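Here the structure comes first, spelled out in structure tokens, and everything after it is commentary.
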Amino acid sequence: MREPSIIELRNVSFAYNGTSVLDDVTLTIGARESVCMVGPNGGGKTTLLRLVLGQLRPTKGTVRVFGRSPEQVRLRMGYMPQHAQYDPQFPATVMDIVLMGRLGGPGLLGRLGWFSREDRRAALEALARVHLDDLASRPFAALSGGQRQRVLIARALCCEPELLLLDEPTANVDTLVEARLFEVLQELARSMTVVVVSHDLGFVSNLAENVLCVNRRVVAHPTSQITGELIREMYGGDVRMVRHSDVVCHREHVGETQ
């Protein structure tokens, strides 16, 4: 019997102040499917994630997650935003950051942030899944960039989601950190649906089953069908081949060197 869809968009359009960002998007993502979104900056990738999260409402069309409106199932979704701002002088520990993923839970305690023993168990388990449970009491500001990225993934996991949405999790990390993050996401993809936004096809080529090419419209392709020609067409210009260890990927041609 066919499993129900986790994410389903039907004829979805979205505009900011009358300017179209997404146009007539129809897509379906199934249970335990791994998907990567690629496309030029401003093409609508983050907007698409925010529609799935229920942070934005479509101008036209319908968005369903687990068969319901996104607002009704937010606690079943974990989200890592593209930019995480924090004050390095604020004395927050790794555990403090990860426990933020439990905010908004049912009952008064969940709304006020009074964390229970169960919340702390979930936070430690989330840290263990990204192999950082031994750093729970360390100041967040004292971590390396790659460790902070993994802590933010743990924060997204702390609500024990069935759907994980990650907006450019490998931005501003080096190749070795990227490889470690890839291993973490490979493990997570075995037990939940994972949607990753990334410009780096080398990173996701062995993780994602399908690629969503997002540039106002959305076209889905099996990962095996992604070619340099297709990427050039989508980005609207030349691309550069970048080698990460033994993995070759495509990036936007914006003067990057490697």
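The values are calculated or read from the model by the stated rules, or taken from the named source; none is laboratory data. If you're wondering where the values come from, they're calculated on a predicted model, not measured in any experiment. We place every Cβ from the backbone using ideal geometry, glycine too, and count neighbours over all the protein chains shown.
When the stretch 70-81 is limited to residues that are in contact with a Leu (Cβ under 9 Å, 6 or more places away or on another chain) and touching a residue at least 24 places away in the same chain (Cβ under 8 Å), the one that is farthest from LEU49 (Cα to Cα) turns out to be ARG76. Among the criteria (1) more than 17 Å from the chain's Cα centre (by Cα); (2) over 19 Å from ALA156 (Cα atoms); (3) surrounded by fewer than 17 Cβ atoms within 10 Å (Cβ to Cβ), the one GLU71 does not fulfil is (2).
The set of residues in the stretch 23-45 being assigned to a strand (DSSP E or B) and closer than 23 Å to LEU188 by Cα consists of LEU27, THR28, ILE29, GLY30, SER34, VAL35, CYS36, MET37, VAL38.
For the stretch 3-25, the candidate set comprises residues that are among the polar types (S, T, N, Q) and touching a residue at least 60 places away in the same chain (Cβ under 8 Å); within that set, the residue that is surrounded by the most Cβ atoms within 10 Å (Cβ to Cβ) is SER5. Scan the stretch 80-122 for residues that are among the small types (Gly, Ala, Ser) and modelled with pLDDT under 90 and jot them down. Passing the criteria: ALA84, GLY104, GLY105, GLY107, GLY110, GLY113, SER116. Checked against (1) within 14 Å of TYR79 (Cα to Cα); (2) touching a Lys or Arg at 6+ places or on another chain (Cβ under 8 Å), LEU132 meets all criteria but (1).
Pairs linking a residue in the stretch 153-178 that is in contact (Cβ under 8 Å) with a residue 60 or more places away in the chain and on the phi > 0 side of the Ramachandran plot to a residue that is β-branched (Val, Ile, Thr) and not in a helix (DSSP H, G or I), with Cβ atoms under 6 Å and 6 or more positions apart or on different chains, are GLU168/VAL197.
Number of residues in the stretch 1-22 that are assigned to a loop (DSSP other than H, G, I, E, B) and among the polar types (S, T, N, Q) equals 1.
Being at pLDDT below 95 and under 15 Å from the mean Cα position of the chain (by Cα) is a description that applies to VAL151.
Of the conditions (1) in a loop (DSSP other than H, G, I, E, B); (2) closer than 26 Å to GLU209 by Cβ, PHE90 fails just one. Which one is it? The one condition PHE90 does not meet is (2).
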